[in-house]
Each structure stands twice: as structure tokens, then as C-alpha cells.
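Report on the following structure.
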């Protein structure tokens, strides 16, 4: 269990078009937790030159050097909270970023069915590649952390969370050795000061939410041109999915 003297820093590594922001809301609704939103985003955009909505605002809003970001993530926890939850897009962690500091944090991975994720991603990235899904980077990072720490980082599937929020959050908290709190299951709608400046482009749906929406299969059709990409992703996803947490069952 965490305490004010021994803060727990949790890095959650997700791919795009997932429920990562809703999960950040769940953690931020805990009184003992501070959160940060995609802290490597400005570094990633500045380094790659990619054009994303709000690119200039993002670069101005965050550090663009990865050592500075690393110092923030491993340094003083905001507001002296017991838990520091860090929402990451795994593809923001470019290969040049030194990994030696990562074992100082606890880590978890958030995954989603490639077919559902790609059909959603295709609406904003017309020709996504396997690398755009974050799955190769998730598997590489998972393998690195397993080797560096000797422990399997917990993996949660977004579908499992939406089907059973309480059971899955119980299981995730137990795996991370922090207490589960009922406050994680709902939150006030609206924006947050902690949201990245890119929120106006991406967070409309989560800003209108007050909890995890029930799972519904995607109705978006995967473009036929992406069937090959999906096929490559399925093998990567299966390797992570095979290690995913099962929902916690409360004994009666």
C-alpha cells in the first residue's frame, strides 16, 4: 500500500483510439492521486515533425526534451499525493529515449482489439501502419520491463474494463499494489486542468461522460485496404492479450 512517504508512480502505456482518457479520469477521481496527460507528446511531435491538430500549442505547452520529461515523471509527485498516474501513448516513447529509468516506476498496459481500434483510427489517420497502432512498441516495452524487473506488468483490455469496470479496476489496483476505491467508477463530467491542450480536438466524448460507458461492439467497418495491417496486429495483440488480467471476483 502506498503512503505519502513512498509515492507510487504508475505509467499506463496505451495505443490510440482506446479508453485511456476515461481511465485517467477514473484515477484522477481518487483523492490520493495526481495525474499527467501524455507527457511525451510535445517531445514526440517536435522530434518527428508530424502534423497533429494543435501541434504548435502542444509543443509550447510541454517540455520537448525527453530527459526533462523523465525528471518530471520520476521527481516530486504533484500536490504531494500518494499516487502519480501517468497516461502515455506508447509510440511517444521513441527509440532514442533511454529506458534505464523506467524500472523506477510501476507499469501497466492498456490494449484494444486491433479490428475495433483500426476501424476507429482510420477515421483520423487514413492509412495507418502497424507502427501507428502502438502494438509493436507495447510488446517491445513489455518485454523490456519483464527482463529488467523479472515481473510481468499488468495488461488490461479496454473491452474487459467496459464490460466489468469494478472487477477490472479491482484487479488492476491489486496488481499495482494500491487499494481500490469506489470513486474510480464515476466522475463529474467536464474538462480538467490536467487535460492536455489537445483536449478540444479529442476529448468531447469523455468530457460528456460521468463513468465508463457499457461495451458495445464497434459498428465501423474496417476498410479492406487495412486487412493486411490488421492481420499483422492480431499476432502482436494476442501475445499481450494472453497476459491480460481477469476481473477480480469479490467473495460473498
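Points to keep in mind about this one:
- Per-peptide packing, taken as the mean over residues of other Cβ atoms within 10 Å, places 242-248, 19-25, 80-86 in the sequence 19-25, 80-86, 242-248 from highest down.
- Each peptide in 124-137, 208-221, 160-173 gets a packing score, the mean of other Cβ atoms within 10 Å over its residues, and the list from highest to lowest is 160-173, 124-137, 208-221.
- Antiparallel DSSP beta bridges within the stretch 8-241, as percent of all bridges there, nearest 5: 5 percent
- (i) -0.21, -1.17; (ii) -0.25, -1.23; (iii) -0.22, -1.35, with the label sought being that of the calculated log10 I(q)/I(0) by the Debye sum over Cα atoms at q = 0.07, 0.16 Å⁻¹: (iii)
- The slack between residue 101 and residue 56, meaning 0.36 nm per residue of separation minus the straight C-alpha distance, is 13.3 nm.
- Per-residue [θ]222 nm for the chain (sum of -39500 (n - 2.57) over DSSP H runs n ≥ 4, rounded to 500): -11000 deg cm²/dmol
- Distance from the Cα centroid of the stretch 36-93 to that of the stretch 206-226 is 26 Å (rounded to whole angstrom).
- Using a Förster distance of 41 Å, the FRET efficiency for residue 48-residue 182 (Cβ separation, nearest 0.05): 0.50
- Length added when fully stretched, residue 234-residue 65, from 0.36 nm per residue minus Cα-Cα: 57.5 nm
- Pairwise FRET efficiency - residue 174 versus residue 205, Cβ, R0 = 41 Å, nearest 0.05: 0.90
- Difference of contour (0.36 nm per residue) and Cα-Cα distance, residue 166 to residue 152: 2.8 nm
Just so you know, all these numbers are worked out from the coordinates, no wet-lab data involved. Being a predicted model, the structure only gives us computed values, none of them experimental. Here Cβ is always computed from backbone atoms with ideal geometry, including for glycine, and neighbour counts include all displayed protein chains.
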